Amino acid sequence: MARVLIVANGEWPQSFDVEENISQFSVLVALDGATNRLIELNIIPDVVIGDLDSIHPDVLEQCNMNGTQIVHDSNQELSDISKGLGWVKQHYPDSHSSVVGVEIGRYDHHLAAYSALFECKSSAVILLDGWKAQRVESTPREIEIQPGKLVSLIPFGTASGVHLNGCKYPLNHESLSSGTRGVSNEAVDSVITVSVESGDLLLLVQG
């Protein structure tokens with residue numbers, strides 16, 4: 001299974017050093033302006049996606065010379081995150097994907113990154129400083145976690161048939177609506193299992 005790292009142009013988590021962790025991934029996708037920062041670190045992305053308006057011409061030339069696949073997508077109705085997630089889902093549908101760089105100081109962009117997971121029906125994990133975010137799917141997913149760490153479920157609208165095991169407050173075929181009921185749960189096991197039958201549900205885990 002391919003391991004894909006999608007790098008956006010926001011702040012990269014201090015808990016995830018791109019240079020140190022790049023070897024763990026088989027495919028590196030740079031979203032527009034993030035390409036400049038990767039080249040500064042002497043890291044050549046496998047794929048560059050975006051409208052390319054934020055990439056320095058010499059950086060784009062260097063990518064071309066090194067065989068990087070350039071995907072020019074000028075669709076202004078999609079964010080760079082959505083473009084990247086959509087491309088990965090199309091070309092690496094069974095991959096294990098991670099995303100960094102969604103924290104840019106703008107709350108609208110930050111929230112839009114979560115929405116992009118649902119827009120693209122993506123299984124990618126967004127890496128944040130001290131947290132990980134991902135879309136809950138109908139197939140139960142087991143997630144390793146340190147007991148005592150926080151677990152939050154945030155519904156976008158109404159989520160039905162929610163199952164959560166391995167936490168202080170388990171859920172069995174519950175419904176969650178917009179609100180705070182699913183916030184600040186706590187892992188009691190080293191593995192939690194989560195799934196949802198219908199609706200958009202975001203999982204945030206600490207650590």
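Quick check on region 124-138: of everything there that is modelled with pLDDT of 95 or more, over 15 Å from residue 8 (Cα atoms) and out of contact with any Leu (no Cβ under 8 Å at 6 or more places or on another chain), which residue is surrounded by the fewest Cβ atoms within 10 Å (Cβ to Cβ)?
Across region 124-138, the extreme among qualifying residues is 138.
So is residue 85 over 17 Å from residue 129 (Cα atoms) and touching an Asp or Glu at 6+ places or on another chain (Cβ under 7 Å) or not?
Answer is no for this residue.
Given the options 118, 156, name the one that is part of a helix (DSSP H, G or I) and either closer than 15 Å to residue 4 by Cβ or of a type in the set (Phe, Trp, Tyr) (or both).
The conditions single out 118.
Among the residues of region 28-51, what is the count of those that are part of a loop (DSSP other than H, G, I, E, B) and closer than 17 Å to residue 88 by Cβ?
3
Could you tell me how many of the residues in region 154-169 are within 21 Å of residue 189 (Cβ to Cβ) and of a type outside the set (A, V, I, L, M)?
Residues that pass the stated criteria total 6.
For region 139-170, give me the residue count where each residue is surrounded by 15 or more Cβ atoms within 10 Å (Cβ to Cβ) and closer than 11 Å to residue 200 by Cα.
7
Would you confirm, using the coordinates I've provided, whether residue 44 is modelled with pLDDT of 95 or more, surrounded by fewer than 20 Cβ atoms within 10 Å (Cβ to Cβ) and among the β-branched types (Val, Ile, Thr)?
When the stated conditions are applied, residue 44 passes them.
Among the numbered criteria (1) assigned to a helix (DSSP H, G or I); (2) within 23 Å of residue 113 (Cα to Cα); (3) modelled with pLDDT under 95, which one does residue 23 miss?
Looking at each condition in turn, residue 23 falls short on (2).
Does residue 135 fit the bill of being over 19 Å from residue 109 (Cα atoms) and either in contact with a Ser or Thr (Cβ under 7 Å, 6 or more places away or on another chain) or not polar (S, T, N, Q) (or both)?
No: the conditions fail for residue 135.
If I filter region 52-75 down to residues being assigned to a loop (DSSP other than H, G, I, E, B) and in contact with a Lys or Arg (Cβ under 9 Å, 6 or more places away or on another chain), which single residue comes out as surrounded by the fewest Cβ atoms within 10 Å (Cβ to Cβ)?
Among those that are assigned to a loop (DSSP other than H, G, I, E, B) and in contact with a Lys or Arg (Cβ under 9 Å, 6 or more places away or on another chain), it is 75.
Residues of region 159-179 being on the phi > 0 side of the Ramachandran plot and either assigned to a loop (DSSP other than H, G, I, E, B) or in the same structural domain as residue 115 (by TED's automatic domain parsing) (or both), which ones?
166, 179
Return yes or no: is residue 111 in a helix (DSSP H, G or I) and closer than 21 Å to residue 1 by Cα?
Considered against the rule, which asks whether it is in a helix (DSSP H, G or I) and closer than 21 Å to residue 1 by Cα, residue 111 comes out as no.
The values are calculated or read from the model by the stated rules, or taken from the named source; none is laboratory data. Computed from a predicted structure; not experimentally measured. A quick note on method: Cβ atoms are made from the backbone with ideal geometry, for glycine too, and the neighbour counts reach across all protein chains shown.
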